[in-house]
Amino acid sequence: MNTTIQAEHLIHQLNWRYATKQFDPNRKISAQDWAALEHALVLAPSSCGLQPWKFIVVKDPSVRAQLLPASWGQKQIVDASHLVVFAARKNLTEADVDFFLRRAAEVRGIPVEKLADFRGMIIGSIINGMDIPARDAWAKNQVFLALGVLLASAALLGIDACPMEGIEPAKYDEILGLPAKGYGTAVVATLGYRAQTDKYAAAPKVRFPREHVLYEV
(Lines give C-alpha, C1' and ligand atoms only; values in the text may rest on other atoms or scores of the structure.)
Protein backbone atom coordinates (compact mmCIF):
# COMPACT_ATOMS: atom_id res chain seq x y z
CA MET A 1 0.00 0.00 0.00
CA ASN A 2 1.38 3.40 -1.01
CA THR A 3 1.08 5.76 1.96
CA THR A 4 3.13 8.59 0.46
CA ILE A 5 1.47 11.96 0.96
CA GLN A 6 0.81 14.25 -1.96
CA ALA A 7 3.24 17.11 -2.59
CA GLU A 8 0.39 19.63 -2.46
CA HIS A 9 -0.62 18.45 1.00
CA LEU A 10 2.94 18.76 2.29
CA ILE A 11 3.30 22.35 1.06
CA HIS A 12 -0.17 23.27 2.31
CA GLN A 13 0.58 22.06 5.84
CA LEU A 14 3.98 23.73 5.95
CA ASN A 15 2.34 26.98 4.90
CA TRP A 16 -0.37 26.42 7.52
CA ARG A 17 2.05 25.97 10.42
CA TYR A 18 3.56 28.88 12.31
CA ALA A 19 5.25 29.44 15.65
CA THR A 20 2.07 29.46 17.72
CA LYS A 21 2.00 32.30 20.24
CA GLN A 22 -1.31 31.47 21.93
CA PHE A 23 -2.59 27.97 22.58
CA ASP A 24 -6.11 26.98 23.52
CA PRO A 25 -5.58 25.49 27.01
CA ASN A 26 -8.82 23.50 26.71
CA ARG A 27 -7.83 21.55 23.58
CA LYS A 28 -5.61 18.52 24.08
CA ILE A 29 -3.76 16.34 21.61
CA SER A 30 -5.29 12.87 21.37
CA ALA A 31 -3.37 9.91 22.76
CA GLN A 32 -3.14 8.40 19.26
CA ASP A 33 -1.70 11.55 17.70
CA TRP A 34 0.71 12.08 20.57
CA ALA A 35 1.96 8.50 20.28
CA ALA A 36 2.67 9.19 16.60
CA LEU A 37 4.62 12.33 17.45
CA GLU A 38 6.66 10.46 20.07
CA HIS A 39 7.41 7.81 17.47
CA ALA A 40 8.50 10.54 15.06
CA LEU A 41 11.00 11.75 17.66
CA VAL A 42 12.34 8.23 18.10
CA LEU A 43 12.84 8.04 14.33
CA ALA A 44 14.67 11.38 14.08
CA PRO A 45 18.07 11.29 12.33
CA SER A 46 21.38 12.11 13.96
CA SER A 47 25.01 12.08 12.88
CA CYS A 48 26.35 8.52 12.90
CA GLY A 49 22.97 7.53 14.36
CA LEU A 50 24.28 8.23 17.87
CA GLN A 51 21.11 9.94 19.15
CA PRO A 52 22.85 12.04 21.84
CA TRP A 53 19.61 13.28 23.35
CA LYS A 54 16.70 12.87 25.68
CA PHE A 55 13.20 14.21 25.08
CA ILE A 56 11.49 15.14 28.33
CA VAL A 57 7.70 15.37 28.07
CA VAL A 58 6.65 17.60 30.95
CA LYS A 59 3.14 16.59 32.01
CA ASP A 60 3.01 17.77 35.62
CA PRO A 61 1.26 21.19 35.71
CA SER A 62 3.21 22.19 38.80
CA VAL A 63 6.53 21.56 37.03
CA ARG A 64 5.36 23.52 34.02
CA ALA A 65 4.42 26.37 36.35
CA GLN A 66 7.97 26.30 37.73
CA LEU A 67 9.36 26.46 34.19
CA LEU A 68 7.24 29.50 33.25
CA PRO A 69 9.53 32.11 34.91
CA ALA A 70 12.52 30.38 33.29
CA SER A 71 10.76 30.89 29.94
CA TRP A 72 10.46 34.66 30.10
CA GLY A 73 6.82 34.26 31.11
CA GLN A 74 5.76 32.90 27.72
CA LYS A 75 2.33 31.39 28.30
CA GLN A 76 2.78 28.61 25.76
CA ILE A 77 4.67 26.74 28.47
CA VAL A 78 1.54 26.30 30.60
CA ASP A 79 -1.25 26.64 28.02
CA ALA A 80 -0.09 24.18 25.36
CA SER A 81 -1.34 20.62 25.42
CA HIS A 82 2.20 19.22 25.53
CA LEU A 83 5.66 20.53 26.40
CA VAL A 84 8.81 18.78 25.21
CA VAL A 85 12.26 19.68 26.51
CA PHE A 86 15.07 18.70 24.14
CA ALA A 87 18.17 17.82 26.14
CA ALA A 88 21.60 17.14 24.63
CA ARG A 89 24.21 14.73 25.98
CA LYS A 90 27.04 16.46 27.77
CA ASN A 91 30.64 15.26 27.31
CA LEU A 92 29.88 12.29 25.05
CA THR A 93 32.31 9.42 25.79
CA GLU A 94 33.45 6.13 24.31
CA ALA A 95 30.98 4.41 26.62
CA ASP A 96 28.14 6.26 24.89
CA VAL A 97 29.43 5.16 21.50
CA ASP A 98 29.69 1.55 22.63
CA PHE A 99 26.18 1.67 24.07
CA PHE A 100 24.88 2.72 20.66
CA LEU A 101 26.95 0.12 18.80
CA ARG A 102 25.62 -2.69 20.99
CA ARG A 103 22.11 -1.55 20.12
CA ALA A 104 22.98 -1.41 16.42
CA ALA A 105 24.40 -4.93 16.52
CA GLU A 106 21.32 -6.20 18.35
CA VAL A 107 18.85 -4.60 15.92
CA ARG A 108 20.73 -5.73 12.81
CA GLY A 109 21.56 -9.18 14.12
CA ILE A 110 25.33 -8.95 13.71
CA PRO A 111 28.28 -9.35 16.08
CA VAL A 112 29.33 -6.02 17.55
CA GLU A 113 32.86 -6.79 16.37
CA LYS A 114 31.64 -6.26 12.80
CA LEU A 115 31.26 -2.59 13.68
CA ALA A 116 34.88 -2.09 14.71
CA ASP A 117 35.76 0.12 11.73
CA PHE A 118 32.65 2.21 12.27
CA ARG A 119 33.56 2.54 15.94
CA GLY A 120 37.06 3.68 15.04
CA MET A 121 35.68 6.38 12.75
CA ILE A 122 33.31 7.70 15.42
CA ILE A 123 35.93 7.66 18.17
CA GLY A 124 38.49 9.33 15.94
CA SER A 125 36.25 12.07 14.60
CA ILE A 126 33.96 12.87 17.55
CA ILE A 127 35.47 11.60 20.81
CA ASN A 128 39.18 12.15 20.15
CA GLY A 129 38.75 14.69 17.38
CA MET A 130 36.85 17.22 19.50
CA ASP A 131 37.34 18.76 22.92
CA ILE A 132 34.44 18.77 25.38
CA PRO A 133 32.94 22.12 24.29
CA ALA A 134 33.03 21.02 20.66
CA ARG A 135 31.41 17.66 21.50
CA ASP A 136 28.70 19.44 23.46
CA ALA A 137 28.06 21.79 20.55
CA TRP A 138 27.94 18.81 18.17
CA ALA A 139 25.38 17.05 20.38
CA LYS A 140 23.26 20.21 20.60
CA ASN A 141 23.24 20.45 16.79
CA GLN A 142 21.81 16.92 16.60
CA VAL A 143 18.95 17.93 18.88
CA PHE A 144 17.83 20.55 16.37
CA LEU A 145 17.47 17.83 13.74
CA ALA A 146 14.97 16.11 16.02
CA LEU A 147 13.18 19.40 16.65
CA GLY A 148 12.70 19.86 12.90
CA VAL A 149 11.24 16.37 12.58
CA LEU A 150 8.76 17.09 15.38
CA LEU A 151 7.63 20.41 13.90
CA ALA A 152 7.09 18.95 10.44
CA SER A 153 5.34 15.87 11.80
CA ALA A 154 3.01 17.98 13.92
CA ALA A 155 2.12 20.15 10.93
CA LEU A 156 1.25 17.09 8.85
CA LEU A 157 -1.13 15.99 11.62
CA GLY A 158 -2.72 19.44 11.84
CA ILE A 159 -1.20 20.07 15.26
CA ASP A 160 0.22 23.46 16.18
CA ALA A 161 3.69 23.86 17.63
CA CYS A 162 6.13 26.51 18.75
CA PRO A 163 9.90 25.98 19.00
CA MET A 164 11.28 28.06 21.85
CA GLU A 165 14.86 29.10 22.58
CA GLY A 166 13.65 31.99 24.72
CA ILE A 167 14.34 30.10 27.92
CA GLU A 168 16.99 29.92 30.63
CA PRO A 169 18.60 26.50 30.05
CA ALA A 170 20.45 26.41 33.36
CA LYS A 171 17.21 26.92 35.30
CA TYR A 172 15.49 24.27 33.21
CA ASP A 173 18.36 21.91 34.00
CA GLU A 174 18.02 22.61 37.71
CA ILE A 175 14.24 22.15 37.80
CA LEU A 176 14.35 18.93 35.76
CA GLY A 177 17.46 17.51 37.44
CA LEU A 178 19.32 17.10 34.17
CA PRO A 179 22.96 17.66 35.24
CA ALA A 180 22.92 14.50 37.35
CA LYS A 181 21.79 12.58 34.27
CA GLY A 182 24.52 14.01 32.05
CA TYR A 183 22.24 16.14 29.85
CA GLY A 184 21.58 19.83 29.31
CA THR A 185 18.58 21.70 27.94
CA ALA A 186 19.00 22.87 24.34
CA VAL A 187 15.54 24.00 23.22
CA VAL A 188 11.88 23.31 23.97
CA ALA A 189 8.74 22.86 21.90
CA THR A 190 5.15 23.43 22.89
CA LEU A 191 2.39 21.65 20.99
CA GLY A 192 -1.39 21.78 20.90
CA TYR A 193 -3.97 23.87 19.09
CA ARG A 194 -3.94 27.58 18.34
CA ALA A 195 -6.29 29.90 20.19
CA GLN A 196 -8.82 31.80 18.11
CA THR A 197 -7.39 35.01 19.56
CA ASP A 198 -3.85 34.43 18.26
CA LYS A 199 -3.44 37.24 15.74
CA TYR A 200 -0.30 35.63 14.31
CA ALA A 201 -2.25 32.65 12.98
CA ALA A 202 -3.54 34.64 9.99
CA ALA A 203 -0.40 36.70 9.39
CA PRO A 204 1.28 36.10 6.01
CA LYS A 205 4.34 33.86 6.26
CA VAL A 206 7.50 35.89 5.60
CA ARG A 207 10.07 33.90 3.65
CA PHE A 208 12.71 34.87 1.10
CA PRO A 209 11.91 33.80 -2.47
CA ARG A 210 13.32 30.54 -3.75
CA GLU A 211 15.98 32.23 -5.88
CA HIS A 212 17.35 33.99 -2.80
CA VAL A 213 18.01 30.83 -0.78
CA LEU A 214 18.40 28.04 -3.33
CA TYR A 215 20.84 27.64 -6.17
CA GLU A 216 22.10 24.79 -8.29
CA VAL A 217 25.65 23.90 -9.30
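Data overview
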read-out: Among the candidates 146, 35, residue that is surrounded by fewer than 14 Cβ atoms within 10 Å (Cβ to Cβ) and closer than 28 Å to residue 13 by Cβ; value: 35
read-out: Residue check for residue 106: closer than 30 Å to residue 127 by Cβ and either in a helix (DSSP H, G or I) or more than 17 Å from the chain's Cα centre (by Cα) (or both); value: yes
read-out: Any hit, segment 119-131, residues being more than 26 Å from residue 40 (Cα to Cα), part of a helix (DSSP H, G or I) and touching a Lys or Arg at 6+ places or on another chain (Cβ under 8 Å); value: yes
read-out: Subset of segment 95-136 [exposed (fewer than 15 other Cβ atoms within 10 Å of the Cβ), under 24 Å from residue 182 (Cα atoms) and of a type outside the set (A, V, I, L, M, F, W, C)]; value: 102, 103, 120, 124, 125, 128, 129, 131, 133
read-out: Among residues of segment 17-32, those that are in contact with a helix residue (DSSP H, G or I) (Cβ under 9 Å, 6 or more places away or on another chain) and either under 16 Å from residue 149 (Cβ atoms) or exposed (fewer than 13 other Cβ atoms within 10 Å of the Cβ) (or both), counted; value: 1
read-out: Filtered residue count, segment 204-213, keeping only those that are part of a loop (DSSP other than H, G, I, E, B) and more than 25 Å from the chain's Cα centre (by Cα); value: 2
read-out: Count - residues of segment 176-185 that are assigned to a loop (DSSP other than H, G, I, E, B) and either of a type outside the set (Gly, Ala, Ser) or under 14 Å from residue 70 (Cα atoms) (or both); value: 1
read-out: Single condition residue 149 does not satisfy, out of (1) part of a helix (DSSP H, G or I); (2) in contact with a Leu (Cβ under 6 Å, 6 or more places away or on another chain); value: (2)
read-out: Residues that are surrounded by 14 or more Cβ atoms within 10 Å (Cβ to Cβ) and assigned to a strand (DSSP E or B), drawn from segment 38-94; value: 53, 54, 55, 56, 82, 83, 84, 85, 86, 87, 88, 89
read-out: Hey, residue 66 modelled with pLDDT of 95 or more and more than 20 Å from the chain's Cα centre (by Cα) or not; value: yes
read-out: Qualifying residue in segment 19-26 (condition: in contact with a strand residue (DSSP E or B) (Cβ under 9 Å, 6 or more places away or on another chain) and part of a helix (DSSP H, G or I)); value: no
read-out: Residue in segment 179-186 that is among the hydrophobic types (A, V, I, L, M, F, W, C) and over 15 Å from the mean Cα position of the chain (by Cα) present; value: yes
read-out: Residues satisfying the stated conditions in segment 157-175, i.e. in contact with a helix residue (DSSP H, G or I) (Cβ under 6 Å, 6 or more places away or on another chain), farther than 16 Å from residue 80 by Cβ and part of a helix (DSSP H, G or I); value: 171, 173, 175
read-out: Condition met for residue 189 (part of a helix (DSSP H, G or I) and either touching a Gly at 6+ places or on another chain (Cβ under 7 Å) or small (Gly, Ala, Ser) (or both)); value: no
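Per-residue answers, yes or no, for (1) closer than 25 Å to residue 194 by Cβ; (2) of a type in the set (Val, Ile, Thr):
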{"residue": "53", "(1), (2)": "no, no"}
{"residue": "58", "(1), (2)": "yes, yes"}
{"residue": "74", "(1), (2)": "yes, no"}
{"residue": "85", "(1), (2)": "yes, yes"}
{"residue": "95", "(1), (2)": "no, no"}
{"residue": "107", "(1), (2)": "no, yes"}
{"residue": "118", "(1), (2)": "no, no"}
{"residue": "122", "(1), (2)": "no, yes"}
{"residue": "125", "(1), (2)": "no, no"}
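The values are calculated or read from the model by the stated rules, or taken from the named source; none is laboratory data. Every value quoted in this text rests on a predicted model; they were computed, and no experiment measured them. Methodologically, a virtual Cβ is constructed for each residue, glycine included, from the backbone with ideal geometry; neighbour enumeration extends over all protein chains shown.
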